[in-house]
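For reference, the structure discussed in these notes is given below.
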Amino acid sequence: MNLVLLGPPGAGKGTQAKRLEDALGIIQLSTGDMLRAEVSSGSDIGREADAIMKAGNLVPDALIVGMIGERISKDDCRSGFILDGFPRTVPQAEALDAMLTERNLRIDRVISIDVDDEAMVERITGRFTCAKCGAGYHDSFQKPKVDGVCDACGGTEFTRRADDNAETVRSRLHAYHEQTEPIIAYYAKTGVLKSIDGMAPIDDVTEQMKRAVG
Ligand code: AMP
């Protein structure tokens with residue numbers, strides 16, 4: 001089973017992909033996480049992507065298509081994958097179709113998570129993660145039980161993404177509406193698209209996702 005999760009930044013793609021990963025036994029591929037790893041390692045790709053990401057813009061299609069092409073060829077993708085953050089433009093969706101066709105594969109389901117933009121700004125600017133285990137928290141909606149201590153691993157250091165500030169979030173939302181939203185029509189034509197209500201409580205969203213996957 002190969003899935004694509006679509007939705008603006010903050011819609012919950014990453015959180016839900018992790019839950020589906022456990023439920024379906026297939027892996028999450030987050031292009032944002034891959035790029036952040038490149039930035040941290042100081043690679044050529046990371047150096048090219050860093051300023052673009054900080055401005056809330058999309059990195060060039062060729063760069064990201066090459067990266068995902070290599071990734072889906074690895075053994076751990078054999079049972080399937082959940083694409084989180086890719087494709088983000090129609091040319092990326094076309095390139096993905098071409099590379100899957102070459103491998104006798106296809107996208108089985110595209111889930112579009114519908115949310116309100118204004119709620120996304122609050123969701124994103126409040127989020128932070130444990131530096132040790134990656135558990136996710138939020139200033140208003142999900143604080144650690146003990147202030148400053150991770151519920152999951154007891155870690156006491158937390159990080160925030162460089163692009164999770166209000167100004168960059170607005171650019172990222174703009175990029176979503178201008179460049180990514182047209183993909184919804186692209187996939188609607190092929191009959192694989194399902195939309196779900198991403199403003200529902202987090203567990204409800206997971207249930208809707210599971211139903212959408214079938
Ligand atoms: P994300 O973690 O999915 O919110 O992605 C963080 C940032 O990485 C985005 O704002 C883009 O700058 C970049 N990025 C991630 N995936 C893509 C993609 N498929 N195409 C272009 N840029 C991407």
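The values are calculated or read from the model by the stated rules, or taken from the named source; none is laboratory data. In this text, all values refer to a predicted model and were calculated from it rather than measured experimentally. When we count neighbours, we look across all protein chains shown, and the Cβ atoms used for this are built from the backbone with ideal geometry, even at glycine. Quick note on the areas: whole protein, heavy atoms, side chains included, nothing else; ligands and nucleic acids left out. Shrake-Rupley method; radii C 1.70, N 1.55, O 1.52, S 1.80 Å.
Per residue, the average separation of C-alpha pairs within less than 8 Å and at least 6 apart gives region 104-214 a relative contact order of 36 percent. Heavy atoms of the protein chains alone define the surface here; on that basis region 43-187 has 53 Å² accessible area per residue at 1.4 Å probe size. With a bin width of 10 angstrom, please list the P(r) values of the chain as percents of all Cα-Cα pairs, from the 0 bin to the one holding the largest distance. Using 10 Å bins, I get a P(r) of 8, 33, 40, 18, 2, 0 for the chain.
Taking a quarter of the surface of the Cα convex hull of region 20-122, what do you get in nm²?
Values: hull surface 31.4 nm².
Average projection, Cα convex hull of region 20-122: 7.9 nm².
Using only side-chain charges placed at the Cβ, +1 for Lys and Arg and -1 for Asp and Glu, the dipole size of region 123-214 relative to its Cα centre rounds to 200 debye.
In terms of accessible area, using a 1.4 Å probe and ignoring ligands and nucleic acids, Cys153, Cys77 rank largest first as Cys153, Cys77.
For a distance above 18 Å, tell me the whole-number percent of Cα pairs in region 119-214 that qualify.
Values: 2853 of 4560 pairs.
Roughly 63 percent, once rounded to a whole number.
Were the residues from Glu102 through Glu207 laid out at 0.36 nm apart, the gain over their Cα-Cα distance would be 34.5 nm. Computed from label points 7 Å out along Cα-Cβ, the spacing between Ala131 and Arg170 is 3.1 nm. Restricting the calculation to Cα atoms, region 96-152 yields a radius of gyration followed by a Dmax of 18.1, 51 Å. Which residue, Thr156, Pro201, Leu100, has the largest displacement toward the positive end of the dipole of the chain when charges sit on each Cβ (Lys, Arg +1; Asp, Glu -1)? Positive-most Cα among the choices belongs to Leu100. Solvent exposure of Thr159, expressed as accessible area, is near 70 Å², computed with a probe of 1.4 Å over the protein chains only.
With all protein chains in place and a 1.4 Å probe, the accessible surface of the chain carries 49 percent carbon and sulfur. A Cβ-based charge dipole, computed about the Cα centre of the chain with Lys and Arg at +1 and Asp and Glu at -1, lands at about 360 debye.
Taking 4.7 Å between beta carbons as the limit, the unpaired Cys residues of the chain are Cys77. For the chain, the longest piece that avoids every one of the trypsin sites (Lys or Arg not before Pro) found in DSSP loops with at most 16 other C-beta atoms within 10 Å covers 1-73.
Charges were assigned to the Cβ only: +1 to each Lys and Arg, -1 to each Asp and Glu. The resulting dipole of region 34-110 about its Cα centre is roughly 180 debye. Here the simple spin-label model places points 7 Å from the Cα toward Cβ, and for Ile184 and Glu48 these points are separated by 3.1 nm.
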